[in-house]
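Below is one structure, written out as C-alpha cells; comments come after it.
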Amino acid sequence: MVLYAINQIPNRLNSIFLKLPLCLIIVPVFLSIAATALSADNHQSDIATRYGLAAVLGKTFDPVNDIYFTQLSGFIMWDYDKIWHHWAPDSLRFKVEGTAGLTTSPEIRGMASVGMMALYYIKFISKPRWDPYIEGGIGVIYTDFQVDGQGSRLNFNPQIGIGTEMQLESGPPFFGAVRLSHISNAGLHDDNRGVNSVVIMIGRFF
C-alpha cells in the first residue's frame with residue numbers, strides 16, 4: 001500500500017501542476033459571468049499595454065535534478081478585461097509570453113515555449129517601490145531533450161509563480177519572479193512522465 005502511494009506521487013504532481021494555473025484563468029471567467037449578470041455596466045480599461053524582457057534561469061528537480069537551462073523571455077501584458085471583455089478585478093492582468101533558450105547541463109539542447117498567464121497584483125502588501133504579484137497560466141513547449149518515460153518533445157507547460165515589480169530608479173520598473181514549471185503531454189501519449197522545474201526570472205519593463 002505504501003509503495004503504491006509512493007508510485008502515485010508523480011501522477012499527483014502532474015495533476016496539481018495542470019489544474020492550478022488553469023484555475024487562475026478559469027475562476028476569474030466564472031466570476032465575471034456572475035458579475036455581468038448582476039450589473040449591465042461594462043468596465044472600459046484605461047490601463048496601458050506593457051512590454052517586458054527577462055533573463056530566465058531554471059533547474060529540474062523531478063524526475064531528474066541535473067538539467068539546467070537559461071532562456072530569454074519576452075511578453076506583452078494587458079489589463080485583463082481589455083482582452084476578455086467582461087468584468088475582472090482591477091488588479092488582474094493577462095499576458096502572452098514567449099521564451100527560447102538552451103539547456104546548459106548535462107548537455108546543450110534547445111527549448112522554446114509560448115503561453116498565456118493571468119497575473120494578480122497583491123495590493124494590500126504593496127509599497128511605493130514594490131508591487132508583489134502571483135501568476136499562473138499554461139502554454140506549449142518544445143524541448144530538444146527527453147527524460148525516461150517522457151513520450152513527446154512537444155508538451156503542455158503549466159506554470160505558477162510569485163514575483164514583484166521593483167521601482168529602483170526613474171523609468172520603467174524591474175521585476176523578479178520565481179516559478180514552478182511543469183512539462184507533460186496531458187495523457188496524449190502513452191508515455192507521459194512529467195518534468196518539474198524551478199525557474200527564476202529577472203527582467204525589466206520597457
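Here is how the numbers come out for the structure above:
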item	result
Carbon and sulfur %, accessible surface of segment 46-186 computed with the full protein complex present, 1.4 Å	64 percent
Segment 124-206 - convex hull of the alpha-carbon atoms, volume per residue in Å³	102 Å³
Segment 39-169 - charge dipole about Cα centre, Lys and Arg +1 at Cβ, Asp and Glu -1, debye rounded to 20	100 debye
Cβ-Cβ FRET estimate between Asp144 and Thr49, R0 fixed at 45 Å, reported to 0.05	0.85
Dimensionless Rg/Rh of segment 58-143 - Kirkwood Rh, Rg from C-alpha atoms	1.08
Val147 accessible area, 1.4 Å probe, all protein chains in place, Å² to nearest 10	20 Å²
DSSP-loop GluC sites (Glu not before Pro) across segment 45-146, with at most 14 other Cβ within 10 angstrom	Glu107
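The values are calculated or read from the model by the stated rules, or taken from the named source; none is laboratory data. Quantities reported herein were computed from a predicted structural model and do not represent experimental measurements. Positions of Cβ are generated from backbone atoms using ideal geometry, with glycine treated the same way; all protein chains shown enter the neighbour counts. The accessibility values were calculated without ligands, DNA or RNA, using every heavy atom of the protein model including side chains. Shrake-Rupley method; radii C 1.70, N 1.55, O 1.52, S 1.80 Å.
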